[in-house]
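Heads up, the thing below is written out as structure tokens.
The values are calculated or read from the model by the stated rules, or taken from the named source; none is laboratory data. Just so it is clear, the model here is predicted, and its values are computed rather than measured. Counting neighbours? That spans all protein chains shown, and the Cβs are built from the backbone with ideal geometry, glycine included. To get the accessible areas, we keep the full protein, side chains included, count just its heavy atoms, and leave off ligands, DNA and RNA. Shrake-Rupley method; radii C 1.70, N 1.55, O 1.52, S 1.80 Å.
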Amino acid sequence: MKHLPGPHNKMFSHFNTLLDFISQQVKWHKKDLDHNNPRDYIDAFLTEMENHKESDVGFTETNLAMCSLDLFLAGTETTSTTLLWALVFLIKNPDIQDKVQAEIDRVIRQNRQPTMADRPNLPYTDAVIHEIQRMANIVPLNGVRMAAKDTTLGGYFIPKGTSVMPILTSVLFDKTEWETPDTFNPGHFLDAEGRFVKREALLAFSAGKRVCLGEGLAKMELFLFLVALLQKFSFFVPDGVELSTEGVTGITRVPHPFKVCATAR
Ligand code: HEM
């Protein structure tokens with residue numbers, strides 16, 4: 001890509017700026033590192049570097065910088081983009097926003113913040129968050145992988161070395177899996193009694209050995225942030241403004257920029 005002219009070339013200098021930032025952080029961490037009291041990921045990694053000085057298992061400073069960047073890149077925009085989609089779908093479906101707020105008011109009320117212990121008591125909210133993740137489809141193409149050996153899958157021969165793009169859109173909108181694949185419908189995750197039900201076809205985090213490393217963290221963030229937001233605010237757009245659910249697809253699929261009104265409840 002660096003041989004082609006165009007604005008994407010800024011990517012390389014931006015990447016170096018990020019690497020410099022991480023290197024600076026590592027330098028500061030080393031100054032007052034206490035192996036017995038790791039403060040964060042960088043401290044823990046530096047301790048492992050010390051423990052594996054003699055072996056060649058990958059605990060190097062370059063890997064520390066790359067892995068720290070990985071966590072930032074994979075871990076920030078994904079969650080914030082999903083929250084943007086949450087606003088789009090809840091604004092487009094005000095009756096669903098009302099139902100979530102009614103459930104939050106019944107279970108948590110207004111005088112304390114939500115915790116993860118509340119999740120089993122908020123099945124409708126939980127279903128809405130899962131449906132947001134399905135419709136948001138923020139990583140439509142998934143990570144590109146390569147066949148490690150000759151493989152036959154679903155009757156197709158995939159020779160060793162072939163690039164494979166396991167498109168998540170196909171399963172998130174599969175007509176044989178979802179009752180109303182193209183409509184925002186929290187009922188996909190609720191049984192007849194209104195209890196939350198898991199669905200195998202919700203593969204927003206992919207599957208298998210390379211499944212999203214941050215799935216647990218992301219789910220907690222989505223639940224806590226969204227419940228806290230809806231507990232305190234109602235979201236809408238001015239009359240006549242119509243939000244688009246089309247999205248702009250790059251590595252992630254983000255909503256078109258939009259302005260939102262929030263009123264305190
Ligand atoms: C709503 C939020 C998120 C979604 C939808 C999401 C989705 C994904 C997907 C689809 C993959 C590709 C898996 C594959 O190649 O099969 C992935 C990989 C990854 N995610 Fe996430 N992710 C989210 C949040 C996070 C967070 C919060 C973190 C970490 C703090 C994170 C860290 C990673 C890492 C490190 C990988 C690469 C794993 C590997 O290649 O082995 N993600 N994620």
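Once every DSSP H run of n ≥ 4 in the chain is given -39500 (n - 2.57) and the sum is divided by its residues, what mean residue ellipticity at 222 nm do you get, rounded to the nearest 500 deg cm²/dmol?
-14500 deg cm²/dmol
The length gained by stretching the chain between ALA262 and GLN24 to full extension, at 0.36 nm per residue less their Cα-Cα distance, is 81.8 nm.
Of all the options ALA201, ALA86, ALA148, the one that moves most in a Gaussian network model of the chain with Cα springs shorter than 10 angstrom is ALA148. Once the Cα-Cα distance is subtracted from the 0.36 nm per residue extended length, the ASP191 to ALA228 segment shows a gain of 10.8 nm. Each peptide in 202-214, 30-42 gets a packing score, the mean of other Cβ atoms within 10 Å over its residues, and the list from highest to lowest is 202-214, 30-42. Using a Gaussian network model of the chain in which every pair of alpha carbons under 10 angstrom is joined by a spring, one finds that among GLN101, GLN231, GLN24 the greatest mean-square fluctuation is at GLN24. With contacts taken as Cα pairs under 8 Å and at least 6 residues apart, region 42-170 reaches a relative contact order of 17 percent. Students often get this wrong: which residues of region 166-187 have the backbone nitrogen under 17 Å from the point 7 angstrom along Cα-to-C-beta of ALA102? The answer is 186-187, whose backbone nitrogens lie closer than 17 Å to the label point.
Would you work out what percent of the accessible area of region 120-236, with all protein chains in place, is carbon or sulfur (probe 1.4 Å)?
Numbers: 4160 of 6690 Å².
That share works out to 62 percent.
For the chain, a simple Cβ point-charge model (Lys and Arg +1, Asp and Glu -1, everything else neutral) yields a dipole of about 240 debye relative to the Cα centre. Distance between the C-alpha centres of region 131-154 and region 83-101: 27 Å, rounded to the whole angstrom. Going down the table (LYS2/LYS27; LYS198/LYS232; LYS99/LYS232; LYS27/LYS53; LYS149/LYS209), which pairs top 20 Å between alpha carbons? Pairs exceeding the cut-off: LYS2/LYS27; LYS198/LYS232.
When the alpha carbon gyration tensor of the chain is reduced to an equivalent ellipsoid, its three semi-axes come out at 36, 26, 21 angstrom, largest first. Here, region 1-73 has an Rg and a Dmax of 15.0, 49 Å when only alpha carbons are counted. Accessible area per residue for region 194-265, computed on protein heavy atoms with a 1.4 Å probe, is 66 Å². Applying 1/(1 + (r/R0)^6) with R0 = 35 Å to the Cβ-Cβ distance of GLU177 and ASN51 gives a FRET efficiency near 0.15. Compute the FRET efficiency between TYR156 and ILE251 as 1/(1 + (r/R0)^6), taking r as their Cβ-Cβ distance and R0 = 25 Å, and round to the nearest 0.05. Efficiency at R0 = 25 Å is approximately 0.45.
Residues whose amide H falls under 5 Å from that of PHE233, counting only those 5 or more places apart or on a different chain, are ARG265, with hydrogens built in the peptide plane.
The Cα-based radius of gyration and maximum Cα-Cα distance (Dmax) for region 17-117 are 21.0, 61 Å.
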